[in-house]
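Note sheet for the following structure.
Just so you know, all these numbers are worked out from the coordinates, no wet-lab data involved. All values derive from a computational prediction rather than experimental measurement. All Cβ positions, even for glycine, are placed from backbone atoms using ideal geometry, and neighbour counts span all protein chains on display.
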Amino acid sequence: MIILLTVGILLVLFSFLFRKKLPPYWGFILVLLIMGFQEGVEGDFMTYKAAYEMIESDHIADARVISSDDEPVMTYLMYLISYLFPYWLYVFIISFFQCFVLYKFVGKYTPKRFGYLAAILFYFTFNMMLLQMKAMRQGLAIEFMVLAFLIADGKRLNWLSPFLVVIAYFTHNSMLVVLPFYLLFVAVVVRQRIKWKKRALMMRDSMEIDGQFHHLSRPRSHAFVVALKRWWNKYNVFPIMMVLIYLLTYFFKITVLNQYLVPLMLMTGGSFNRLSNYAETTNLEESLQTNLFDISPLIVLYDAVIVFLVSSYIRNTGPKMRIFCIISIVAAFGDMLFYGAGAFARMIMYLVVFNLVVYPAVTLDIKKRYGKMWALAFMVFLIGYAVKTSLPWITGMTDDRFGTYRFVFMP
């Protein structure tokens, strides 16, 4: 309890007090300190530790219980590294890769003046660092996908990007959740490159073309479209529409969806064992009567604010960041719909990681439009919510929580 909370407090204080002096990667160094030297974390972490020890003892067939036959990457990665390093060093190598990818991702798409916010949010948001410490295999698949996005946006097309997508699939096939957004992102990148090439070819003739056609007037329909766009932006029609859709979806959840979540989890036990196990610990009729999947109004309010602000920002940014904004909005809907719903909630992990670049960008947009105080208020809102929702897990002393966390080099 003391370690995680103390390091988190230091991360927040130093980030705000020395944000202009500290290098942008320092926050992820603290994250690496916690993830890379973890011990005493129950759950999947201990399962992986037992599997690693089996592999070291040449019992690789027994070790494959950590993943199915169609998800072999984690097992064989353990098999390769176990010849050279003990388990704690294996965990550090995996954690270093994850933190390095996130640092590069944040560094490329996040405004530098608010880059420190990404490390804070990753540290305290429950379904980011804390869950990745437990679900190491899924966390590794997430970072493989993030790296695939990064490489796809390089100077030229690189076959390493789709190769990483394949690797991510064979690490944890739940990465299919983010695959449509990856394909959309690649399509946008390719389209931009085609446009740049066309623009370069047309530059030499642009003056002649302008001279020939500058006298032509635009149709009246164009003026109508421009006026409609101004009205649309002036009155924030799109953000308001998105919030209304969000609230209608929440109403659907509490009136219809909640009563079907537990049966659905039981029915899908074959493919989603985590779902089945989660539901079988509770009496089905009792679960339906006590509204097992009802969520706090705080979560509903938080996600509604996020939907509104990200929807407001989406029109002020470029095509690639718009895709990240769409992912962020979908993550907010998913958080509201499946909060606490076993593996359904864990699949949102693939989406919320993109908040690390969207939220700082939204913060900068708020600062430009409304001033420093509103930007600061938004950061306090983000960090406060992350701490509020993760604190019971950081301080809890039961096996499924992190109060028993200690460094691997501690007695």
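Okay, here's what the table says:
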quantity	calculated
FRET efficiency for ARG19 and TYR260, using Cβ-Cβ distance with R0 set to 51 Å, rounded to 0.05	0.65
Residues whose placed amide H lies under 5 Å from that of GLU39, excluding near-sequence neighbours	ARG406, VAL408
DSSP-loop chymotrypsin sites (Phe, Trp or Tyr not before Pro) across the stretch 365-411, with at most 14 other Cβ within 10 angstrom	PHE409
